[in-house]
Amino acid sequence: DIGDRAGAADLAFYGGDIFRLTGRHDEAIRQYETALIAYRNLADQHWEARTLHSIGDIERTEGLYVNALDRYQGALTVYRELGNTFAETRALHSIADAYRFSGRRTEAMDQYRQILPIYRSLDDQIGEARVLHAIGALNLQAGSLDEALTDTHRALDAFLLLGDRLGD
């Protein structure tokens with residue numbers, strides 16, 4: 001033990017990121033859980049919330065939507081306590097995504113419409129473009145083709161303006 005508990009927590013967190021990004025979800029979860037315990041012991045709420053959010057991302061990817069929503073809600077609560085509007089909006093976006101991918105389209109649409117003006121107020125053009133894309137996809141699923149086309153074009157214009165050719 002080198003006595004650097006914060007460094008060890010960060011190492012576990014970023015190790016989790018590497019495993020998550022390479023599709024090794026079981027190892028990522030183990031790393032994140034180690035980081036989560038360490039951040040809680042350090043009373044580092046910001047990194048605790050980021051870790052919860054990352055675990056939620058894996059659970060959402062694996063179709064464990066209820067678990068993911070619990071993690072996102074935990075992160076959201078902390079971000080609100082800290083007054084971190086940017087991170088709070090990202091957590092709300094992840095909640096909306098979990099609703100959307102689990103088939104809860106009405107809840108997803110309500111959530112996306114709630115966070116769109118927040119992204120605009122934060123001048124977060126990437127977040128705004130992603131929400132517009134998601135709204136377009138939901139409108140397409142609902143058979144609202146004109147609205148879907150309008151939202152998708154707005155998202156495409158935003159992604160092109162940002163130089164993001166993949167739209168993610």
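What to note about this one:
- Shown for the chain: the carbon plus sulfur share of the solvent-accessible area, taken with all protein chains present and a 1.4 angstrom probe, equals 51%.
- Mean Cα-pair separation over length for the chain, i.e. relative contact order, pairs under 8 Å, 6 or more apart, %: 12
- Angle between the chain longest axis and helix 25-41 axis [Cα atoms, degrees, rounded to 10]: 60
- In the chain, the longest principal axis of the Cα atoms and the axis of helix 125-141 are about 60 degrees apart.
- Alpha carbon convex hull of segment 114-168, volume per residue in cubic angstrom: 68
- Ratio Rg/Rh, restricted to segment 38-130 and using Cα atoms, in which Rh is the Kirkwood radius: 0.98
- Reduced Cα scattering model of the chain, Debye log10 I(q)/I(0), q = 0.12, 0.15, 0.16, 0.19 Å⁻¹: -0.59, -0.88, -0.97, -1.22
- Rounded to the nearest 10 degrees, the angle from helix 65-82 to the longest Cα principal axis of the chain is 80 degrees.
- As a rough guide to protection, the peptides 132-144, 45-57, 149-161 ranked by mean Cβ packing within 10 Å, highest first, stand as 45-57, 132-144, 149-161.
The values are calculated or read from the model by the stated rules, or taken from the named source; none is laboratory data. What you see is a predicted model, and the numbers here were worked out from it, not measured in a lab. Positions of Cβ are generated from backbone atoms using ideal geometry, with glycine treated the same way; all protein chains shown enter the neighbour counts. In case anyone asks, the SASA skips ligands and DNA or RNA and just uses the protein heavy atoms, side chains included. Shrake-Rupley method; radii C 1.70, N 1.55, O 1.52, S 1.80 Å.
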